[in-house]
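FYI, it's all coordinate maths here, none of it is from the lab. Remember, it's a predicted structure, so these values are computed and weren't measured experimentally. With ideal geometry, Cβ positions are generated from the backbone for all residues, glycine too; neighbour counts draw on all protein chains shown.
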Amino acid sequence: MSAKKRIYIAGHNGMVGSAIFRELSNSDNVELIVRTHSELDLTSQTAVNDFFSATKIDEVYLAAAKVGGIHANNEYPADFIYQNLMIEANVINAAHRAGIQKLLFLGSSCIYPKYAVQPMSEDALLTGVLESTNEPYAVAKIAGIKLCESYNRQYARDYRSVMPTNLYGINDNFHPKNSHVIPALLRRFHEAKESNTPTVTVWGSGLPKREFLYVDDMASASIYVMNLDHEFYAKNTQPLLSHINVGSGVDCTIRELAETMASVVGYQEEIVFDINKPDGTPRKLMSVDRLNSLGWTYKHDLFTGLTHTYAWFIKNINSFRC
């Protein structure tokens with residue numbers, strides 16, 4: 001019998017990392033290696049080097065990151081750029097030093113300029129000014145892409161990068177103040193249904209359009225990209241523009257999102273849009289032409305993904321009481 005492929009998932013407790021873990025757990029030919037933050041501080045170069053030196057690893061999924069919403073990014077910009085830079089640099093360099101040939105780095109759609117042409121294609125990278133509220137985080141993620149590309153160029157490694165659109169799903173953050181739009185709305189609609197509240201208020205006009213992807217689709221795409229034949233991958237990317245957008249290629253208005261959410265949750269009362277609150281960017285959509293040309297497309301539409309997410313939320317609701 002052939003030995004199992006030993007795969008390290010950095011960030012396995014996060015929403016994306018846990019989805020990759022679940023997906024890979026279904027494979028008989030892999031052995032998954034994980035460490036909690038208390039077991040391995042990825043911002044410590046010494047600890048990371050020691051871990052890779054002592055642990056036989058064949059592939060790495062780098063899903064670990066310090067993440068947060070607009071408030072957190074504004075309040076702690078130094079923490080966001082420092083911790084993310086350290087995590088990326090330590091893991092990628094240690095993987096190289098340990099002779100690991102394959103690594104997948106997970107970034108973010110915030111790498112693109114604030115006023116990028118819609119839908120945003122990979123070649124929009126570094127063509128304009130970033131959104132100021134999350135610039136430190138975005139700069140760190142851009143550095144992660146360039147770290148992978150640099151090790152590929154200098155050492156002939158096969159380090160790849162994927163850039164997800166707005167994600168949601170199992171293990172999302174449902175905190176009432178610090179969560180993103182889908183978990184925030186899902187919790188708001190659920191609590192309104194439970195308390196028979198006659199209206200649910202949504203910020204803004206409801207007209208801005210956003211793209212969303214269920215996290216299990218993100219995991220599927222990540223594993224798919226990691227396993228692509230090297231020559232095929234290289235042929236369809238560029239050495240200095242090697243990252244791949246991951247999304248559905250489909251967006252919806254915030255009003256449509258709210259109405260779909262209400263349907264999934266079973267809230268039948270009125271939805272009110274507060275036009276005195278900011279709308280944000282009118283549209284944010286990723287071009288997924290490159291990923292589609294490589295043979296992958298998403299499976300879960302918004303209603304299906306939200307249905308799965310709500311079922312998980314209900315099952316774990318006691319952990320969200322705050």
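Under 5 Å from the amide H of Asp251 lies no amide H of any residue 5 or more positions distant or on a separate chain, with H modelled from the backbone and absent for Pro and chain starts.
Label separation (Asn292 vs Glu231): 2.8 nm, computed from points 7 Å beyond Cα along the C-beta direction. Which of rounded, prolate or oblate describes segment 9-59 when judged by the alpha-carbon gyration tensor and an a/c cut-off of 1.5? Verdict is oblate for segment 9-59. Within segment 5-320, antiparallel bridges make up roughly 10 percent of the DSSP beta bridges whose residues both belong there. Applying the Karplus relation 6.51 cos²θ - 1.76 cosθ + 1.60 with θ = phi - 60° to segment 83-92 yields 3J(HN,Hα) values of 5, 5, 4, 5, 4, 4, 4, 5, 5, 5 Hz, where x marks Gly and Pro. For Lys66, the residues whose amide H sits under 5 Å from its own are Asn84, ignoring neighbours fewer than 5 places away on the same chain, with H placed 1.01 Å from N.
The largest-to-smallest principal axis extents of the Cα set in the chain are 60, 42, 39 Å. In order along segment 149-163, the Karplus-derived 3J(HN,Hα) couplings, from 6.51 cos²θ - 1.76 cosθ + 1.60 at θ = phi - 60°, round to 5, 5, 5, 5, 5, 7, 10, 6, 6, 10, 9, 10, 9, 10, 10 Hz, and Gly and Pro are given as x. Other residues with beta-carbon under 12 Å from the beta-carbon of Tyr151 carry, at +1 per Lys or Arg and -1 per Asp or Glu, a net charge of +3. In a DSSP loop and with at most 14 other Cβ atoms within 10 Å, the trypsin sites (Lys or Arg not before Pro) in segment 266-322 are Lys299, Arg321. Max-minus-min Cα coordinates of segment 43-113 on each principal axis give 39, 24, 15 Å, with the largest extent listed first.
Per-residue Karplus couplings for segment 96-103, computed as 6.51 cos²θ - 1.76 cosθ + 1.60 with θ equal to phi - 60°, are listed in order as 4, 4, 7, x, 7, 8, 10, 8 Hz, Gly and Pro entered as x.
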